[in-house]
Amino acid sequence: MSDVAGVATQQDLLELRTELGLVQQSALRTKTDTEAALAQADRRQRERATEEDRQLQSLNQRLDALTTALTALGTRVDELNTRTEALGRQPRTATPVPSPLPPATTARPATPAPPSAQTEPPAGARPSTNALQPQDIYQAAYIDFSKGSYPLAIAGFREFLRRFPDHQLAGAAQYWIGEAYFSLARGYVNASQADKATEALEQAVQEFRKVQANYARSDKAPTALYKEALALLDLKQPAVAQARLQYLVDNFPQAEEAPLARERLAALKPETR
């Protein structure tokens, strides 16, 4: 009886071992299948992410192209508007009448004439087509500025001031020189060129100060003071900037920049104590 029980136990143990081997093989296959499925899912996920990145990059490129085109169109519109305004200020004459005066008498005088005399030719005389009017040089420089061609704009406005230092637009021309240097400084900052940015900011401060020194009655005088203060803040000179802002508030209380100057002063006073 015990022999039979021993044989049965060994047979049961053998069956259990066989079943255990089958279970282990099944578990191994399940693990292998699971790992393969996970790898396939991961590969598909990476492929999907790569495709999404590719689509996103394509969309960004299209967006950049559209932005560039829109900027170019905006610049072109500004240029056309400027030219239209310049043409609108020119006198309209019916049929050109040949000048009865010799060329020497039709030449533009060295001292700029009043605005009305600069835009309207004398009765019976035809204006010279070769001589540039002050507004022509000013508008050309302003167009360069609006297009972001700051070095050309600076050269144009300097040429305007050299020829017409007493013109009614001289103060504005001097202001735009400072504004051009200020814009150049921002470009250098974006390009991580700190030394050039500092140099441009220092030059902007000098040009803005010339507005107040030489053209104190210009409409651009308060604007130049405010922009000078902003440049000084960028140069880490808050005390000097505060003094310029206070001068603006005291001497141009009705200017559009006065409220902005007061806000800046309120923010600066705790720092300069």
* Determine, for Val23, Val205, Val211, Val189, the number of other Cβ atoms within 10 Å of each Cβ, and report the residues in order from fewest to most. => Val23, Val189, Val205, Val211
* Structure fact -> With R₀ set to 45 angstrom, the calculated FRET efficiency between the beta-carbons of Arg29 and Gln193, to the nearest 0.05, is 0.10
* Structure fact -> If the chain between Asp219 and Asp166 were fully extended at 0.36 nm per residue, the gain over the current Cα-Cα distance would be 17.6 nm
* Asked: Taking the simple approach of a point 7 Å from Cα along Cα-to-Cβ for both Arg44 and Glu159, what is their distance in nm?
  -> 6.8
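Please order Phe160, Phe252 by the number of other Cβ within 10 Å, starting at the fewest. Each step should come with its number before you reach the end.
Values: Phe160 28, Phe252 17.
Sorted ascending by nearby Cβ count, the order is Phe252, Phe160.
Provide the convex hull volume over Cα atoms per residue for the range 129-273, in Å³.
Details: hull volume 16.3 nm³, N = 145.
About 112 Å³ per residue, rounded to a whole number.
Since every read-out is calculated from the coordinates, none of them should be taken as a lab result. Every value quoted in this text rests on a predicted model; they were computed, and no experiment measured them. Cβ: placed from backbone, ideal geometry, glycine included. Neighbour counts: every protein chain shown.
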